[in-house]
Amino acid sequence: MRHLLEVDDLTPEELVAVLALARRRDLPAVLQRRGVALVFEKPSARTRNSMEMAVVQLGGHPVTIRPDEVGLDVRETVEDVTRTLACYHAVIAARVFQHSHLERMASVSPVPVVNLLSDEAHPMQALADLLTLEDAFGPLSGRTVAYVGDGNNVCRSLAIAAGMMGMQVRVASPPGYELAEADIQRIRAAGVEPQLTTEPLDAVRGADAVYTDVWASMGQEAEAAERRRAFAGFTVDTALLDAASPSAVFLHCLPAHRGEEVTAEVLEGPRSWVWPQAENRMHAARGLLAWLLGVAP
């Protein structure tokens, strides 16, 4: 029994196996007559829809649970909620504010725990990102992904996943919003030395993929005005994307704020792969669930 709290909870070989399962449309109904608990402290359109449909496609029944229904450490402790949900479900997946909640879940759960997003990591997004990049380029070893923006959970998981696949990683962030040192060390452990800069053009030049995320994530609304000032010059526009490889693709985990981190021309342009990327959230979830429940690729 395994958990997925971050991409590197998988070995590189296991990551390849999960991606292979994600591409299959003939997976066995390993969740037949079984449930999957989807715990949401934070709402999300893509995460809920992709996870619910992945569970259904494996023959199971998804149960989406709102924060007021469980109240982690309010109505009940994280541990008690986890033990209760494990009585009914084959998998517990949670989208939380604090990564430590997931660690506490995993410490007591007799069923797999999956991180749907935390303040530290977003592994399900990274799996979808890899699927999308493989759709665009085939084998990823030697390719370069450039991330422009906040050194946040999405950036960390993307960099770890890319490193595990043999990619080069560049990250451009304004001063004060870089990846944390602990995140950099974890990315290095995944097999890649990230190239860090405060200049978006330096990161993007010649890259195969350009990736960005919102400047103020959920829970950071009070910082939005300050962040807009700090991230001035970090918008992915046509001129910046033109500095990448001629065959470069644009990625965004969504939701997007047109005119802030990306222009409408890029988001909706011919080099944008954001909608296949969003669809791949479902395929990645299906592949991971199948792997956690013992399906071989």
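The values are calculated or read from the model by the stated rules, or taken from the named source; none is laboratory data. What you see is a predicted model; the values in this text were computed from it and never measured. Using ideal geometry, Cβ is built from the backbone for each residue, glycine included, and neighbour counts are taken over all protein chains shown. The accessibility values were calculated without ligands, DNA or RNA, using every heavy atom of the protein model including side chains. Shrake-Rupley method; radii C 1.70, N 1.55, O 1.52, S 1.80 Å.
Can you name the condition, by its number, that residue 142 falls short on among (1) among the small types (Gly, Ala, Ser); (2) closer than 30 Å to residue 32 by Cβ; (3) surrounded by fewer than 21 Cβ atoms within 10 Å (Cβ to Cβ)?
Just one mismatch for residue 142, condition (2).
I need the full set of residues from segment 243-279 which are polar (S, T, N, Q) and either more than 14 Å from the chain's Cα centre (by Cα) or open to solvent by 10 Å² or more (accessible area, probe 1.4 Å) (or both), in order please.
Result: 245, 247, 263, 272.
Which of the following residues is at pLDDT 95 or above, touching a Leu at 6+ places or on another chain (Cβ under 7 Å) and in a loop (DSSP other than H, G, I, E, B): 151, 142?
Result: 151 is the single residue among 151, 142 that is at pLDDT 95 or above, touching a Leu at 6+ places or on another chain (Cβ under 7 Å) and in a loop (DSSP other than H, G, I, E, B).
Those residues that are in contact (Cβ under 8 Å) with a residue 24 or more places away in the chain and in contact with a helix residue (DSSP H, G or I) (Cβ under 6 Å, 6 or more places away or on another chain), I need them from segment 255-275; list them, please.
Selection gives 256, 265, 266, 273.
Scan segment 180-209 for residues that are over 17 Å from residue 152 (Cβ atoms), in contact (Cβ under 8 Å) with a residue 60 or more places away in the chain and not small (Gly, Ala, Ser) and jot them down.
208
Looking at residue 121, is it open to solvent by less than 20 Å² (accessible area, probe 1.4 Å), in contact (Cβ under 8 Å) with a residue 40 or more places away in the chain and in a helix (DSSP H, G or I)?
When the stated conditions are applied, residue 121 does not pass them.
Could you tell me whether residue 180 is closer than 22 Å to residue 133 by Cβ, more than 17 Å from the chain's Cα centre (by Cα) and exposed (fewer than 14 other Cβ atoms within 10 Å of the Cβ)?
So residue 180 fails the test.
Can residue 170 be described as of a type in the set (Lys, Arg), within 30 Å of residue 223 (Cα to Cα) and at pLDDT 95 or above?
Criteria met by residue 170.
So which residues in segment 73-117 are crowded, with 24+ Cβ neighbours inside 10 Å, touching a residue at least 60 places away in the same chain (Cβ under 8 Å) and not in a helix (DSSP H, G or I)?
Within segment 73-117, 91, 113, 114, 115, 116, 117 meet the criteria.
Step by step: first the residues of segment 1-49, then only those that are surrounded by fewer than 16 Cβ atoms within 10 Å (Cβ to Cβ) and among the β-branched types (Val, Ile, Thr), then the one that is farthest from residue 130 (Cα to Cα). Which residue is that?
11
Considering only residues of segment 280-294 that are among the hydrophobic types (A, V, I, L, M, F, W, C) and open to solvent by 20 Å² or more (accessible area, probe 1.4 Å), which is nearest to the chain's Cα centre (by Cα)?
This residue is 282.
Considering only segment 204-227, state which residues are over 18 Å from the mean Cα position of the chain (by Cα), of a type in the set (A, V, I, L, M) and either surrounded by fewer than 19 Cβ atoms within 10 Å (Cβ to Cβ) or not in a loop (DSSP other than H, G, I, E, B) (or both).
Of everything in segment 204-227, those that are over 18 Å from the mean Cα position of the chain (by Cα), of a type in the set (A, V, I, L, M) and either surrounded by fewer than 19 Cβ atoms within 10 Å (Cβ to Cβ) or not in a loop (DSSP other than H, G, I, E, B) (or both) turn out to be 204, 222, 224, 225.
Do we find that residue 55 is in contact with a strand residue (DSSP E or B) (Cβ under 8 Å, 6 or more places away or on another chain), under 25 Å from residue 254 (Cβ atoms), open to solvent by less than 10 Å² (accessible area, probe 1.4 Å) and hydrophobic (A, V, I, L, M, F, W, C) in this structure?
Spelling it out, residue 55 is indeed in contact with a strand residue (DSSP E or B) (Cβ under 8 Å, 6 or more places away or on another chain), under 25 Å from residue 254 (Cβ atoms), open to solvent by less than 10 Å² (accessible area, probe 1.4 Å) and hydrophobic (A, V, I, L, M, F, W, C).
Taking the options 86, 17, 54, 29, name whichever one is touching a Phe, Trp or Tyr at 6+ places or on another chain (Cβ under 7 Å) and modelled with pLDDT of 95 or more.
Criteria check complete, one pass: 17.
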